[in-house]
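The values are calculated or read from the model by the stated rules, or taken from the named source; none is laboratory data. Keep in mind that what you see is a predicted model, and the values were worked out from it rather than measured. Heads up, the Cβs are rebuilt from the backbone with ideal geometry, glycines too, and the neighbour counts pull from every protein chain shown. These accessible areas exclude ligands, DNA and RNA; they are computed on the full protein's heavy atoms, side chains included. Shrake-Rupley method; radii C 1.70, N 1.55, O 1.52, S 1.80 Å.
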Amino acid sequence: MYASREDIGYDFGDDSKVGSKPIKPNPNIDGGWAWMIVFSSFLVHILIMGSQMALGILNMEWLEEFNQSRGLTAWVSSLSMGITLIVGPFIGLFISMCGCRMTAIIGGILNALGWILSAYVSNVHYLFLTFGVTAGIGSGMVYLPAVVMVGQYFQKRRALAQGLSTTGTGFGAFLMTALLKYLCTEFGWRNAMFIQGAVSLNLCVCGALMRPLSPKDLSEKSAVRSDSEENQEKALSHSTETIKSNGVLSEEPEKKEEATNEEVLESVQHTENGGNSRSGRNMHGLRILKTVSQLTLTVRKGFALWYSSYFGAASLFTNRVFVAFIIWALFAYSSFVIPFIHLPEIVKHYNLSSQDNIFPLTSIIAIVHIFGKVILGIISDLPCISTWNVFLMANFTLVTCILTLPLMQTYGGLAVVCALIGFSSGYFSLMPVVTEDLVGTKNLANAYGIIICANGISALFGPPFAGWIYDITQKYDFSFYIAGLLYMVGMIFLLIQPCIQKKQPRQKSTEEAQV
C-alpha cells in the first residue's frame, strides 16, 4: 500500500512555488467561513440527495395517477438521479466560467422550476422532461459546486469536512420521506410537488453562501499541501514542455490573447471617458460593448480551462490512476443502489416482512451510512493514515458484503451485512479528497464532474440491469453476484495502476544513471 497521497499520481493544478518568505495562511481555510461552506453543502445534500432517496413516495402516487407500468414510471426517478450526476463534466464548464456561487444559484432556480412544473403534468412522459431532465440538471448544478467548495476551503480536515457535509444525504432521506408523505396525505401529490419546489428555492441561499476564495488563497493552499516539491516541479516542467510542443495551451498565446482583450477594454474605457460631452445614447452603447467584451473574455478563459482539462496536452486523462478511478466509478455506485431496490423483495422472499416493517433494512443502511462517513473522514485525517488506503479498505469491505448478502436468510444476518454496507459505503465522503489528491485543487471541479458522471451512468443503468438478470434467472442472487464481480474488476484497476505509475520514475532514474 502507499504511505503518502502523492504516490497516487502527480498534480496538474499546483502551479505555485514555495518561496523563501513564510506563507500567512487564510484564516478561512480550515476554519472561519469554511464551516459555513460545510453547513451550506450539508443543506444541499439534504434538499437534493435526500429528496431523491425519498422519491419512492411520489413513485407510488404516479403509479395510481397515470396507470402506467412500473418500469416506465420508475424511469422518472432514475432519470432525475442519473442526470444529476451525468451532467457533472458540463457543470464543470459553468464553474470555470461563472464560479461555484453563480452556478449553484442558477441550479437552485432550475431545480425549483422542475418541481413546480411537474405539479401540472398530464401524463408520465411529461415528467421525464420536467422532473427527470429539468430538476435533474438543476440538482447537478448545485451538487457539484457544493462538493468543490468544501475541497477548496479545507486542507488539514478535508475528509472530516466532506464527511460532515455528505451526512446530509442520510438526514435528508428521513426528513424528506416524512415531509413528502405528510404533504401527499394532506394536500395531494401535485400540491406536494409545488410546495417542495418552493422549499427547493433554499438552494439559492445555499449557493449564496459559497463565497469564493481569491486566486492568491488557492495558490497558498496548494503550496501548503505540497509535500514533495521536487516531484511537482518535474511534473510541471514536463507538462509545460508537452503543452508548448503541442501548441495547445502555451503561455505566450494566452498572454497575447489577454493583452489583446485588455487593450480592447482600455480603448473602450478611454473612449467612454473622452465622450462625456457626447450624447447619452453613445455612452450607453459603449457601456454595453464594454460589458460584452468582459463577458466574452470570461467565457473564453473558462472554456479554455475546461477544454484543456479534457482534451488538451495536460488532459486529466493522461493520469492513468485517474482513468482507473473513472473505470472503478462506472461499477461502484450501482452496487450501493441495488440493495435499496431489491432488499424489499429479498425480505418478502424469506418471509421476513414482519420484522422488516419494525425496522427496515434499508433504514439500517441509511443510519449507519451517516456514521460511516464521519468516522472514515476522521480516520483519514490522521497524520499517520493514508486516505487512499482507507478508501481501498472500505471498498474491499463493501464488495465482500455485496457478495455475501444473498447467502443470508435470517433477519439478523441481513441486518449485520446491511450495517456493514452502510458503514463501508461511507467512503463516498472520501471520493472528493482522493480526486483532489490525484489532480489538484485547480482541476477538482472538472475531475470530480467526470467521476460523478461515471457514477450517474452506473446509477442509471445498474438497477435496470439487475432487474433484467432477475427476469432471466428468477433469482436476485445473481444480481448481487454480478454486481460484486464488476465491482471487483474496478478495484483491480485501482490496485494495478498506482503500482505501474509508482515504478515509472524508478525506471527513468535507472536509465539516466546508466547514461
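Miscellaneous remarks
- Split the accessible area of segment 27-216 by element, probe 1.4 Å, and carbon with sulfur accounts for 69%.
- Net charge of Cβ neighbours under 13 Å - reference V374; Lys, Arg +1; Asp, Glu -1: +1
- Solvent-accessible surface (1.4 angstrom probe) belonging to E61, in square angstrom, nearest 10: 50 Å²
- Segment 93-146 - percent relative contact order, Cα under 8 Å, separation 6 or more: 50 percent
- Accessible surface of R158, taken over heavy atoms with a 1.4 Å probe and every protein chain present, rounds to 10 Å².
- Segment 170-209 and segment 74-141 have their alpha-carbon centroids 15 Å apart.
- Against the empirical 2.2 N^0.38 Å (N residues), segment 27-216 has a Cα radius of gyration ratio of 1.04.
- Using the Karplus relation 6.51 cos²θ - 1.76 cosθ + 1.60 with θ = phi - 60°, the per-residue 3J(HN,Hα) values for segment 474-489 come to 6, 9, 7, 4, 5, 4, 6, 5, 5, 4, x, 5, 5, 4, 5, 4 Hz, with x marking Gly and Pro.
- For segment 113-142, chymotrypsin sites (Phe, Trp or Tyr not before Pro) meeting the loop criterion (DSSP other than H, G, I, E, B) and having at most 11 other Cβ atoms within 10 Å: Y120.
- Relative contact order, percent, segment 393-494 [alpha-carbon distance under 8 Å, six or more residues apart]: 33 percent
- Phi to ³J(HN,Hα) by Karplus 6.51 cos²θ - 1.76 cosθ + 1.60 over segment 93-101, Hz, x for Gly, Pro: 5, 4, 5, 5, 8, 10, x, 5, 5
- Largest accessible area first, the listed residues V292, V417 line up as V292, V417 when surface is computed with a 1.4 Å probe on the assembled protein chains.
- The figure for R320 is an accessible area of roughly 120 square angstrom, using a 1.4 Å probe on the protein chains alone.
- Across segment 27-216, Cα pairs under 8 Å and at least six residues apart give a relative contact order of 41 percent.
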